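Colleague: There's a structure below that I have some questions on.
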Amino acid sequence: GAVVSQHPSWVICKSGTSVKIECRSLDFQATTMFWYRQFPKQSLMLMATSNEGSKATYEQGVEKDKFLINHASLTLSTLTVTSAHPEDSSFYICSASVGTENSPLHFGNGTRLTVT
Amino acid sequence: GESVGLHLPTLSVQEGDNSIINCAYSNSASDYFIWYKQESGKGPQFIIDIRSNMDKRQGQRVTVLLNKTVKHLSLQIAATQPGDSAVYFCAEGVSGTYKYIFGTGTRLKVLA
């Protein structure tokens, strides 16, 4: 149980274009989803917390207009990287929570974004 | 600021030996901790968790120890296998939120 599916697993796009990444909880309802960014050989950096039906909460230093998050249902959250630049190239990972404290996060398999 | 860190960035262990991966945390109010395993190109995979009212918890071939006095967490893997090779992260649950702070990670290399 507790499967999180992330799509696409990798994407290559040109500078200036936008890319949408989907995160779905397949067998549970995720009231809260989290989006992380991970650089090579580094830890996960929390970008934002996404709650179903409300605006996402962004971490300090993360541009909300750059990284658009939508959590339209209890099983789907999307991250759109707008006007992508090469420095946005990274590994983006989503995770989902059933929404209670002291419960583990369940992670998707990540999306490798390369901006050329 | 608040942080969760690891002592050893890389740990090499002979196949069949036991592995111990350490983690230090700084927020004494944190009450929930998780160990994750991340293989190359994949998302983190849950291994084991522990709440602050416990000091030890065992799973299949893994044991997590929590020392709240010195704010230290460790993951022990018994009879380490090649499939255990990965990066291991500890995560600290921020009390009162659903957020987790991840440590810097330790790469475990299993030598044949």
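Every read-out reported here was derived from the displayed coordinates using simple, explicitly stated rules and does not represent laboratory data. This is a predicted model, so every value here is computed, not measured. For neighbour counting, all protein chains shown are included, and Cβ atoms are generated from backbone atoms with ideal geometry for every residue, glycine included.
Colleague: What's the number of the only condition in (1) more than 26 Å from A:Thr111 (Cβ to Cβ); (2) in contact with a strand residue (DSSP E or B) (Cβ under 9 Å, 6 or more places away or on another chain); (3) in a loop (DSSP other than H, G, I, E, B) that B:Ala29 fails to meet?
Modeller: (2)
Colleague: Considering B:Val110, B:Val87, B:Val94, which residue is facing chain A (nearest Cβ under 10 Å), within 15 Å of B:Glu39 (Cα to Cα) and among the aliphatic types (A, V, I, L, M)?
Modeller: On the way: B:Val110 fails: facing chain A (nearest Cβ under 10 Å); B:Val94 fails: within 15 Å of B:Glu39 (Cα to Cα).
Within the list B:Val110, B:Val87, B:Val94, the selection yields B:Val87.
Colleague: Regarding B:Asn18, is this residue over 25 Å from A:Glu101 (Cα atoms) and out of contact with any Cys (no Cβ under 7 Å at 6 or more places or on another chain)? Reasoning before the result, please.
Modeller: Numbers: over 25 Å from A:Glu101 (Cα atoms): yes; out of contact with any Cys (no Cβ under 7 Å at 6 or more places or on another chain): yes.
It is true that B:Asn18 is over 25 Å from A:Glu101 (Cα atoms) and out of contact with any Cys (no Cβ under 7 Å at 6 or more places or on another chain).
Colleague: Quick one: which strands (runs of 3 or more DSSP E) sit completely within region A:3-62 and have at least 2 residues that are within 12 Å of chain B (Cβ to nearest Cβ) and in contact with an Asp or Glu (Cβ under 9 Å, 6 or more places away or on another chain)? It would help to see each step written out before you state the result.
Modeller: On the way: elements: A:4-7, A:10-13, A:19-25, A:32-38, A:44-51.
Once the strands (runs of 3 or more DSSP E) in region A:3-62 are filtered for at least 2 residues that are within 12 Å of chain B (Cβ to nearest Cβ) and in contact with an Asp or Glu (Cβ under 9 Å, 6 or more places away or on another chain), what remains is A:4-7, A:32-38, A:44-51.
Colleague: What's the number of the condition A:Ser83 fails, among (1) outside any strand (DSSP E or B); (2) free of Cβ contacts under 8 Å to residues at least 24 places away in the same chain; (3) closer than 13 Å to A:Ser18 by Cβ?
Modeller: Unmet condition: (2).
Colleague: Please determine whether any residue of region B:95-106 is of a type in the set (Lys, Arg) and touching a Leu at 6+ places or on another chain (Cβ under 7 Å). So that I can check it myself, show each step before the final result.
Modeller: Going through region B:95-106, the residues of a type in the set (Lys, Arg) turn out to be B:99.
Within this subset, residues satisfying the condition of being touching a Leu at 6+ places or on another chain (Cβ under 7 Å) are B:99.
The answer is yes; a qualifying residue exists.
Colleague: In region B:74-81, is there at least one residue being surrounded by 18 or more Cβ atoms within 10 Å (Cβ to Cβ), within 13 Å of chain A (Cβ to nearest Cβ) and in a strand (DSSP E or B)?
Modeller: There is no residue in region B:74-81 that is surrounded by 18 or more Cβ atoms within 10 Å (Cβ to Cβ), within 13 Å of chain A (Cβ to nearest Cβ) and in a strand (DSSP E or B).
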